[in-house]
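Engineer: Below is one structure. I have some questions about it.
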Amino acid sequence: MIEVGEQFPAQTYQVTRADLVRYAGASGDFNPIHWSDRVATGVGLPGVIAHGLFTMALASRALTAWLGDPGAVLDFGVRFAKPVVVPDDDTGAEVVVSGVVKSVDDEGRAQLELTVTSGGEKVLTQARALVRI
C-alpha cells in the first residue's frame, strides 16, 4: 500500500549525444540545438541540450518503473525549468529522478511530486503525477 510521504528510489539516467540522435529520429525533432554546439551556443545556450520531452520521458520512465504499470499513470505534467546540457563525450549528462507521495484519496489514487535534476539543478519543476494505486 502506498502511503503519504513514501518516496520512490532515485533513478539515474545517462544521456549522451547518441541518445539525442535516436530521440530526434523517433520524434522528428531535428532542431540543431540538439546536435550542433555551434548552433546551440550561437543562440545563447551553453551547448547542445537534450529535448525537453526526452527529459520528461525519463521522468515518466522512473515513475512507471516504480509503479510497475504504465497504465497506472492517470495524469502527468511538468514545467521545463532548465535545459539538460549534453557534452560531446562518452559520459554525457546525468539526469536524476526521484519522487514522493503527497496525498492518497479514498478512490485509490495518489498524487506524486517528482524531482528531476541534472548537474545538481532542477531541470523540471511542477513535476506532478496522479496515479492509480
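Engineer: Kindly state, as a whole number, the per residue volume in cubic angstrom of the convex hull around the alpha carbon atoms of segment 11-69.
Structural biologist: Dividing the Cα hull volume of segment 11-69 by its residues yields 84 Å³.
Engineer: Out of residues 5 or more away from Ala81 or on other chains, whose amide H comes under 5 Å of its own, with H placed 1.01 Å from N in the peptide plane?
Structural biologist: Result for Ala81 returns Leu124, Thr125.
Engineer: Going toward the positive end of the dipole of segment 1-121, with +1 on Lys and Arg Cβ and -1 on Asp and Glu Cβ, which of Ser60, Ala40, Ala10 do you reach last?
Structural biologist: Most positive-ward Cα: Ala40.
Engineer: Using only the Cα atoms of segment 91-133, what do you get for the radius of gyration and for Dmax, in Å?
Structural biologist: Rg and Dmax of segment 91-133, Cα atoms, are 13.0, 45 Å.
Engineer: Quick check: the distance between the Cα centres of segment 1-69 and segment 95-119, to the nearest angstrom?
Structural biologist: Cα centroid to Cα centroid, the span is 18 Å.
Engineer: Give the Rg (one decimal place) followed by the Dmax (whole number) of segment 26-133, computed from C-alpha coordinates and expressed in Å.
Structural biologist: 15.7, 53
Engineer: Take Ala65 and Arg79, extend 7 Å from each Cα along the Cα→Cβ direction, and tell me the distance between the two endpoints in nm.
Structural biologist: Inter-label distance under the simple model: 2.7 nm.
Engineer: Hey, another quick one. I'd like the Karplus ³J(HN,Hα) series for segment 98-114: coefficients 6.51, -1.76, 1.60, θ = phi - 60°, whole numbers in Hz, and an x wherever there's a Gly or Pro.
Structural biologist: 9, x, 9, 7, 8, 7, 9, 9, 6, 9, x, 10, 10, 9, 10, 10, 9
Engineer: While we're here: Under a 5 Å amide H to amide H cut-off, with H placed in plane at 1.01 Å, what residues pair with Val86 once short-range neighbours are removed?
Structural biologist: Val48, Ile49, Ala50
Engineer: Here's a follow-up. Treating the angle as unsigned and between 0 and 90°, give the value, to the nearest 10°, between the Cα long axis of helix 17-27 and the longest Cα principal axis of the chain.
Structural biologist: 70
Engineer: Once you mark the GluC sites (Glu not before Pro) that are in a DSSP loop and have at most 15 other Cβ atoms within 10 Å, what is the longest gap between them in the chain?
Structural biologist: The longest such stretch corresponds to 7-106.
Engineer: By the scheme Lys and Arg +1, Asp and Glu -1, what is the net charge of all other residues having a beta-carbon under 14 Å from that of Arg61?
Structural biologist: Every neighbour counted, the sum reads -2.
Computed from the coordinates by the stated procedures, all read-outs in this text should not be read as laboratory data. These figures come from a predicted structure and were not determined experimentally. Cβ atoms come from the backbone with ideal geometry, glycine included; neighbour counts cover every protein chain shown.
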